[in-house]
Amino acid sequence: MKLYATPGSPYARMARIMVIEKKLEKRVEVIFAQTRTVGSAYYQVNPSGRVPYLVRDDGVGMEESADICAYLDQLDGKPAFSLPAGEAGWEARRLEARARSLMDGLAVWLRELYRPENERSPGVIRHEAERAARMVDFWEREIGHRYLRGKLNMAQLTLACALGLEARNRDFDWRSGHSGLCDWYGPLAARPSFVATAPR
């Protein structure tokens with residue numbers, strides 16, 4: 001299989017981490033694609049130009065990080081990241097959705113910063129910076145939740161990849177005043193799969 005990614009995408013990072021956590025390195029080839037480039041050969045592989053993009057063994061392509069992660073998780077017949085049953089499953093969904101909300105807003109902010117300075121929208125940047133600040137406060141309150149303290153799951157994976165965007169946006173200072181979040185993030189960021197896929 002081929003997993004198309006870019007080094008800085010937090011969405012692609014989630015899929016790359018899943019490959020390592022599930023020990024699929026011999027089965028999944030990670031290919032860094034050229035995106036946002038006129039005439040990129042990658043557009044012949046995935047017309048949307050988005051990453052991650054997984055080309056399965058049967059030649060069929062898949063988009064969306066959550067779907068790709070779920071697919072990779074079940075390849076060995078022993079899914080480790082699937083949702084718990086019952087009410088706990090709804091809590092897991094709630095937390096994963098909130099982590100995705102943080103990531104989505106940070107991605108919009110970052111894309112704006114990568115525009116030429118005269119094309120940036122100060123309003124968009126301000127909106128996303130304020131949203132990120134509110135969301136980080138939310139996570140400081142939620143970080144003691146039992147689902148965030150157990151074995152690695154999709155809510156944790158998504159939140160950690162979102163927080164890791166501090167490496168690409170110096171204005172995203174989530175650490176100040178959020179000691180609980182800092183304590184939670186440290187051990188996750190030290191996992192080999194997170195170190196190997198750190199944004200650059």
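The values are calculated or read from the model by the stated rules, or taken from the named source; none is laboratory data. Keep in mind that this is a model prediction, so the values were computed, not measured. Every residue, glycine as well, gets a Cβ built from its backbone with ideal geometry; the counts of neighbours run over all protein chains shown.
Quick notes
- Filter result (closer than 14 Å to A80 by Cβ and either among the basic types (K, R) or at pLDDT below 95 (or both)) within the stretch 14-35: K22, K23
- Contact map, the stretch 120-141: first residue outside the structural domain of L163 (by TED's automatic domain parsing) and surrounded by 13 or more Cβ atoms within 10 Å (Cβ to Cβ), second residue of a type in the set (S, T, N, Q) and modelled with pLDDT under 95, Cβ cut-off under 8 Å, separation 6 or more or different chains; the map is empty.
- Which listed residue is outside the structural domain of I31 (by TED's automatic domain parsing), assigned to a helix (DSSP H, G or I) and not polar (S, T, N, Q), from A80, A107, A66, A70: A107
- The residues on offer are W174, W139, W184, and the sole one that is part of a loop (DSSP other than H, G, I, E, B) and either under 18 Å from the mean Cα position of the chain (by Cα) or not β-branched (V, I, T) (or both) is W174.
- Scanning the stretch 187-200 for residues that are in a loop (DSSP other than H, G, I, E, B) and either exposed (fewer than 13 other Cβ atoms within 10 Å of the Cβ) or more than 16 Å from the chain's Cα centre (by Cα) (or both) yields a count of 3.
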